[in-house]
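The values are calculated or read from the model by the stated rules, or taken from the named source; none is laboratory data. What you see is a predicted model; the values in this text were computed from it and never measured. As a convention, Cβ positions derive from the backbone with ideal geometry for all residues, glycine included, and neighbour counts pool all protein chains shown.
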Amino acid sequence: MKETYRFQHKHILGIEQLSVADILHILDTAISFKEISNRSIKKVPTLKGKTIINFFFEPSTRTRLSFEIAAKRMSADTFGITAATSSAKKGETLIDTACNLQAMNPDLIIIRHGSSGAPGLLTRHIDASIINAGDGTHQHPSQALLDMMTIREHKGSIDGLKIALIGDIAHSRVAHSNILGFTKMGADVKVAGPATFMIPHLDLLGARVCSTVEEAIADADVVMALRIQKERQNDPLIPSLREYARFYGINRSRLKHAKPDALIMHPGPINRGVEMDPDVADGKGSVILEQVTNGVAVRMALLYLVLGQEGGRAE
Amino acid sequence: MKETYRFQHKHILGIEQLSVADILHILDTAISFKEISNRSIKKVPTLKGKTIINFFFEPSTRTRLSFEIAAKRMSADTFGITAATSSAKKGETLIDTACNLQAMNPDLIIIRHGSSGAPGLLTRHIDASIINAGDGTHQHPSQALLDMMTIREHKGSIDGLKIALIGDIAHSRVAHSNILGFTKMGADVKVAGPATFMIPHLDLLGARVCSTVEEAIADADVVMALRIQKERQNDPLIPSLREYARFYGINRSRLKHAKPDALIMHPGPINRGVEMDPDVADGKGSVILEQVTNGVAVRMALLYLVLGQEGGRAE
Amino acid sequence: MKETYRFQHKHILGIEQLSVADILHILDTAISFKEISNRSIKKVPTLKGKTIINFFFEPSTRTRLSFEIAAKRMSADTFGITAATSSAKKGETLIDTACNLQAMNPDLIIIRHGSSGAPGLLTRHIDASIINAGDGTHQHPSQALLDMMTIREHKGSIDGLKIALIGDIAHSRVAHSNILGFTKMGADVKVAGPATFMIPHLDLLGARVCSTVEEAIADADVVMALRIQKERQNDPLIPSLREYARFYGINRSRLKHAKPDALIMHPGPINRGVEMDPDVADGKGSVILEQVTNGVAVRMALLYLVLGQEGGRAE
């Protein structure tokens, strides 16, 4: 079976499209690329002459930069478009903008967009590969993959782990991609947060909703706090940040319920003292910055897999 | 004559500076470069080590990106400055900013500016080559060249064609460059649009003003709709977009007056349902996205011709 | 002694950290790199595969572009972050943002920040080299080095020169770095400007405060006007720009007090007619644009010295 495996995806839109074998192949590829970023000369010629467009409709430091660093370390040419500079300002539709980009023969468009489903929509209109770098409250697959890579490096496997996600499940594309990924890889996923941050039928995604943080993190191998997505809420769903921190913030006292060697994770950027106490973010078990390092490696793997072996893909 | 022809221009400011031989040479060069963008490795070393500055005072997706893609596919180094990040905010004059750029030894500055004549002004103060990427209501020569390339690919030659330009002639630098180019190449150019969008003495440029769209596109080989340049008007020159669409929008019914194989063109971004119906923009004869593809090829040719053969230019 | 000299600095935070030997070594290196920018192919492979992040919290044309051009002419990969696109908007602290950047394994972060000391703070939290591209009212060391390079090219040496700095000493990081550098290299530095632009104990930095511009520039070899740092003042410290120009602006009449061959300098961007008359800025003795040219060379030298010879640094 292993001998005949072939990565077949032209686009990376969400975790549900990936099989367990796909995910393991991406993570293995990422591990093999990781050391490039530690070299004195951080550059391989793999994607020389490829045109990659970063098409970001929402502000982003780490994801945009992570993809751009990944691309340039593979020797691709990168081009950036933000909502502020794009023709969206001139009233052009998303599809027209995308078709215009396509006409310039890019190999790959990496898109972040405020509307769930925007990256999937583009795949129906253009020929280039698409990677979803976050769409509305839908998914952020490269984030889930870097999280899985980080957990796997520390725990060997994701299968059988107890993983707790705390916070704003409803508005978090990171949560959606992670719940799909973790359960697919065999983990037991529990979530907790204010009722306004939960969505009905979360169990359909494979996660169990707990009524307290303590219950969710009981005996957990991994505790992941999510960001309060302030910019994605239309009305105040929580009474105050202070009250949120008191009932749902991850602190040392609460962490006593988890396994002693539990990993502490956060997709960043952290609201310190809200989702997580500083001594937890910076302390024992925290792998928050390793997540960022692995982000570059996972994205190098994704770029390579969708672009670097064109002959091998059955389209 | 052909043997002794030499491209002699250091700057590309407008179409009037180019001879018929120059235009044909640019278009031939562009055709020879076009296939590079279809390669798996979209990169040639021609302009390696050249410094190209994109100096954009107005927002732009396609033109800025098109030049940047053209430059990187030729292996040049590109640098971007926008009005938002430039020292214009600190009260510096355009000439001082340009002289400061010049002091960093760029080979080429590509400039878009809201004031007609700004690129020409710069040529009197700096040594680098200048390409006008759109100045006020004056000219946008690379757009006219990509339009001519597209027409030539479909019709073989521009000479003798009937070309209709519909819409905002007065405020459109695209229209000005195209009228100059099309008439120079031997086409018969007619224009139509609201009276407030016409300029006196358009006939001096070589175009005939028609009183209706139907008259302008009668028997036309090419129908080009122009964008409503909303951001460039100080007061409302048209009663409403709806009325504009009714009297001047290109639709299937109106197109019956043109030749059956007429090309449909638009410089983009399109205001769908205003200048053009969606079924026209996306339908038979439309070469709107080919215009964008040819834009990269024409810009590769321009960069090559002004930069790539320094020894051959008589300065 | 010369044989055993070695450049030992991982970071460039301010002039005070540099010895006279360091400064001479940087300037000699810059002179050797200067001709690269005059070549037809402006690129050497020295820093290929290095990751350099431009992290600019304040708008800048010339400094950001100068560093980026320097980096690409050395073949490094550059990445830009501005305050507008960074996670600072999402409430992340500077140190968290910096630690996240560090996690992506950059070799060098070039930072401009409104808070004095921000670059120094970062060196305590991250492993990459840091170059201060201007921090608050504190320092701007690469500017002082390019000024010293320019003076040295014209006068042979800085030792023994009479140098006048006119204007806003208190709010100018350029002034602070230059006073430290000029006095360290043996120059006699005099300053003049409105009392609200002076700081107590300027003599501790090595400069003598004069009560009139005429006194400061008497017999000067170099006259440097500083920019009115409008954006860095909280309240109006000068009655009007017109009055400032009258009492402190550099004009031909005032310049009669300086040496006939005095160099005229300004860090740019110039407020023409305020700090300096146009005929002075553009006239005899002005080396303002040479400063910009030397900026690229000095920054190439700094990048090379902090990055290009890792084996040789005793850390």
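Would you say C:ILE151 is crowded, with 23+ Cβ neighbours inside 10 Å, β-branched (Val, Ile, Thr) and either without any contact (Cβ under 8 Å) to a residue 24 or more places away in the chain or part of a loop (DSSP other than H, G, I, E, B) (or both)?
No, not satisfied.
Would you check which residues across the range B:33-51 are out of contact with any Lys or Arg (no Cβ under 9 Å at 6 or more places or on another chain) and free of Cβ contacts under 8 Å to residues at least 40 places away in the same chain and list them?
Once the filter is applied, which keeps residues that are out of contact with any Lys or Arg (no Cβ under 9 Å at 6 or more places or on another chain) and free of Cβ contacts under 8 Å to residues at least 40 places away in the same chain, the range B:33-51 yields B:GLU35, B:ASN38, B:ARG39, B:PRO45.
Within the range A:99-115, which residues are touching an Asp or Glu at 6+ places or on another chain (Cβ under 8 Å), surrounded by 17 or more Cβ atoms within 10 Å (Cβ to Cβ) and closer than 22 Å to A:THR137 by Cα?
Selection gives A:ILE111, A:ARG112, A:HIS113.
Would you mind telling me which numbered condition in (1) among the charged types (D, E, K, R); (2) surrounded by fewer than 19 Cβ atoms within 10 Å (Cβ to Cβ); (3) within 15 Å of A:ILE166 (Cβ to Cβ) A:ARG227 fails?
Condition not satisfied by A:ARG227: (2).
So, in the range C:78-94, how many residues would count as being outside any strand (DSSP E or B), modelled with pLDDT of 85 or more and either within 20 Å of the chain's Cα centre (by Cα) or within 11 Å of chain A (Cβ to nearest Cβ) (or both)?
1
Going through the range C:194-234 one residue at a time, which ones are of a type in the set (Gly, Ala, Ser), at pLDDT 95 or above and assigned to a loop (DSSP other than H, G, I, E, B)?
Answer for the range C:194-234, where residues must be of a type in the set (Gly, Ala, Ser), at pLDDT 95 or above and assigned to a loop (DSSP other than H, G, I, E, B): C:ALA218, C:ALA220.
Would you say B:LEU161 is surrounded by fewer than 24 Cβ atoms within 10 Å (Cβ to Cβ), in contact with a strand residue (DSSP E or B) (Cβ under 9 Å, 6 or more places away or on another chain) and at pLDDT 95 or above?
yes
Output the qualifying pairs, or none if there are none: Cβ atoms under 7 angstrom, residues six or more apart or on different chains, first residue in the range B:91-105 and of a type in the set (Val, Ile, Thr), second residue outside any loop (DSSP other than H, G, I, E, B) and at pLDDT below 90.
B:THR97/B:SER87; B:THR97/B:ALA88
For the range C:23-30, state whether one or more residues are in a helix (DSSP H, G or I), without any contact (Cβ under 8 Å) to a residue 24 or more places away in the chain and not aromatic (Phe, Trp, Tyr).
Scanning the range C:23-30 turns up at least one residue that is in a helix (DSSP H, G or I), without any contact (Cβ under 8 Å) to a residue 24 or more places away in the chain and not aromatic (Phe, Trp, Tyr).
Determine if the range C:141-160 includes at least one residue that is assigned by TED's automatic domain parsing to the domain that holds C:ARG299 and charged (D, E, K, R).
No, the range C:141-160 has no match at all.
Name every residue in the range B:57-77 that is of a type in the set (Ser, Thr, Tyr), within 14 Å of B:THR293 (Cα to Cα) and more than 7 Å from every other protein chain (Cβ to nearest Cβ), in order of residue number.
The answer is B:THR63, and nothing else.
In the set A:SER157, A:SER116, A:SER142, which member is in a loop (DSSP other than H, G, I, E, B), more than 14 Å from chain B (Cβ to nearest Cβ) and in contact with a Ser or Thr (Cβ under 8 Å, 6 or more places away or on another chain)?
Residue meeting the stated conditions: A:SER116.
For the range C:44-75, name all the residues that are of a type in the set (Gly, Ala, Ser) and assigned to a loop (DSSP other than H, G, I, E, B).
Listed by number, the residues that qualify are C:GLY49, C:SER60, C:SER75.
Which residue is surrounded by the most Cβ atoms within 10 Å (Cβ to Cβ), if the candidates are limited to the range B:254-280 and must be assigned to a strand (DSSP E or B) and away from chain A (no Cβ under 14 Å)?
Filtering the range B:254-280 for residues that are assigned to a strand (DSSP E or B) and away from chain A (no Cβ under 14 Å), the one surrounded by the most Cβ atoms within 10 Å (Cβ to Cβ) comes out as B:LEU263.
Going through the range A:37-82 one residue at a time, which ones are of a type in the set (Val, Ile, Thr) and within 19 Å of A:VAL306 (Cα to Cα)?
Once the filter is applied, which keeps residues that are of a type in the set (Val, Ile, Thr) and within 19 Å of A:VAL306 (Cα to Cα), the range A:37-82 yields A:VAL44, A:THR46, A:THR51, A:ILE52, A:ILE53, A:THR63, A:ILE69, A:THR78.
In the list B:LYS34, B:LYS48, which residue meets the criterion of being at the interface with another protein chain (Cβ under 9 Å from one of its Cβ atoms) and among the charged types (D, E, K, R)?
Criteria check complete, one pass: B:LYS48.
Can B:ASN54 be described as touching a residue at least 40 places away in the same chain (Cβ under 8 Å) and more than 10 Å from every other protein chain (Cβ to nearest Cβ)?
yes
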